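Single-structure report; data block below.
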């Protein structure tokens, strides 16, 4: 009996962190008008279909030595903590009563933030439309915000704003406004966010998916800080000085507490530091998204990105196989920005923050165009160009150390090579724009990852430059027709420049680090094969992979689904500095099908 009691107490102790996820959050004290608070109840009838064990360990929800097993006790904690549904305005108007044992003790906030799809453009009734924040957790010096998508219809959804009425959760007459989350979206987010996170792309992560009938789910998302630029812009648009200052101070304080920012700055200097950090962040992500071929739909309202540049809301997120820079997402009433326009939108967000900080400092709100030539925007351009050069050297296969030294001496070489590289990367098929299931696009002619991956092998083996025809054959995409790859005099010059500039960079790098030319090439071959792996997952591939998982989910446990996604993450690693296990794991039938899907769609959207 004593042993049983000790084991029971140990289980309670192991899962005590779950009890802290009770709807409380320091945001509520700082911005009392920044959210709608909802009571909630446990939602029955679901099952845990995915649980991110490693993430749970980092958060302290399970012990670092715990097995990746959903025990009965752990499953119960997950379910009771995360399977909730808010009691919204519709429920309250109808006077609905719920079982006392199902009622949660805490209240859960739907935060207000700016959204471009709302007509007022001031965020008067916009924000978390089908999500609530579950709480705030600290573990070993790291803080985590936790939110749940699919917990019920809030009054901040576009549907309520448009029709001026409250909706019942699950109302089939309204699409984006019924308050439910989708299982497809939950699985897709779990896959892409884990791959991005593993490849050092900032993003929210999926902790858990609770599945219900009819493709419905509650998707639990976490990040160190879930505040978006749109949370700030809300108060700027409303001329709410006090709230704008409060949320800015709150964010700075959290960054300092997380030991991510300088702790010694006070007064107006901390706001300058805030803008310096945002300049770095927005320049970096806009450059990275271009070079990683990530479509994130950055826009003026700052709704689809986190303050630290992390990706959130994966409904429209895509990773392209090629630089399909004409792709636009069709959001029913409008088309999105394209991947090249993301830079100007990021810069516009920074300009808006410059306006906001000036408002905080002076208590006078000036027009946005007053800051069109501000020094922070100039710094943005400088840092953007630097990041683009760094990224190209990285894609070539050079280490960060070598890249930094090269750019100190020969930055102009990389800038010129980038111009030549971009000529091929941006080439579009002559057939023009075509419709795709979720938007429109114009396909890319060349696969420049193939060049970076294969060309150093050619130089090492052949010792001579490729003919124009052979180089075109190396880099042409599956979308290219004969007329797209014709070699005129201008293109012939570009093909020559591409090879000469590449070889010159390798020669200078060899000399700079006192390496033999062949030795440098060998290192590039090894690293560029990882950075530019041919079978990189795309948005289209994810769609089919989600269907595969759903098709087999009835025969797979949550642990097996988790392991399947982790195996996929390892396969999609693009960091040559990560040492992966040398043990070769034979993929099971489902994983092999996933690999086949990725290969089939590797150059698509």
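Pairing the Cα long axis of helix 267-292 with the longest principal axis of the chain, what angle in degrees results, from 0 to 90 and rounded to the nearest 10? Orientation of helix 267-292: about 60 degrees from the principal axis. Sequence-distant contacts, meaning Cα pairs under 8 Å at least 6 residues apart, place the relative contact order of the chain at 13 percent. Relative to the longest principal axis of the Cα atoms of the chain, helix 72-82 runs at roughly 90 degrees. Here segment 397-531 is described by how far its Cα atoms reach on the three principal axes: 51, 32, 26 Å, from widest to narrowest.
In this calculation the C-beta distance from residue 19 to residue 491 is compared with R0 = 45 Å, giving a FRET efficiency of 0.10. With the convex hull drawn around the C-alpha atoms of segment 15-223, the volume per residue stands at 136 Å³. Take 501-510, 24-33 and order them by the average number of nearby Cβ atoms within 10 Å per residue, most first; the result is 501-510, 24-33. Quick check: the distance between the Cα centres of segment 545-605 and segment 177-242, to the nearest angstrom? Between the Cα centres of segment 545-605 and segment 177-242 lies a distance of 22 Å. Can you give me the C-alpha center-to-center distance between segment 106-140 and segment 246-277, rounded to a whole angstrom? So the two Cα centres are separated by 22 Å.
Assuming R0 = 45 Å, what is the FRET efficiency of residue 239 and residue 138, from their Cβ-Cβ distance, to the nearest 0.05? Here the calculated transfer efficiency is 0.85. Based on C-alpha pairs under 8 angstrom that are at least 6 apart in sequence, segment 70-140 has a relative contact order of 24 percent. If you take the alpha carbon atoms of the chain and fit the smallest convex hull around them, that volume is 184 Å³ per residue. Angle, helix 448-462 long axis vs. longest principal axis of the chain, Cα atoms, 0 to 90°, nearest 10? Once rounded, one gets 40 degrees.
When each of the peptides 408-421, 210-223, 142-155 is scored by how many other beta carbons lie within 10 Å of its residues on average, the order from highest to lowest is 142-155, 210-223, 408-421. Taken along the Cα-to-beta-carbon direction at a fixed 7 Å, the label points for residue 363 and residue 102 span 5.2 nm.
In the chain, helical runs assigned H by DSSP with n ≥ 4 each contribute -39500 (n - 2.57); averaged across all residues and rounded to the nearest 500, the mean residue ellipticity at 222 nm is -15500 deg cm²/dmol. Calculate the FRET efficiency for residue 557 and residue 58 from the Cβ-Cβ distance with a Förster distance of 35 Å, rounded to the nearest 0.05. Computed FRET efficiency for residue 557 and residue 58: 0.95. Note on residue 544 and residue 426: the model spin-label points, each 7 Å out from Cα along the C-beta direction, lie 3.1 nm apart.
Gain on full extension, evaluated as 0.36 nm per residue between residue 514 and residue 457 minus their Cα-Cα distance, stands at 18.5 nm.
Using C-alpha pairs under 8 Å with a sequence gap of at least 6, the mean separation divided by the residue count of segment 183-335 gives a relative contact order of 24 percent.
None of the figures in this text is laboratory data; all of them are computed from the coordinates on show. All of these numbers come straight from a predicted model, not from anything done at the bench. Neighbour counts run over all protein chains shown; Cβ positions are idealised from the backbone, glycine included.
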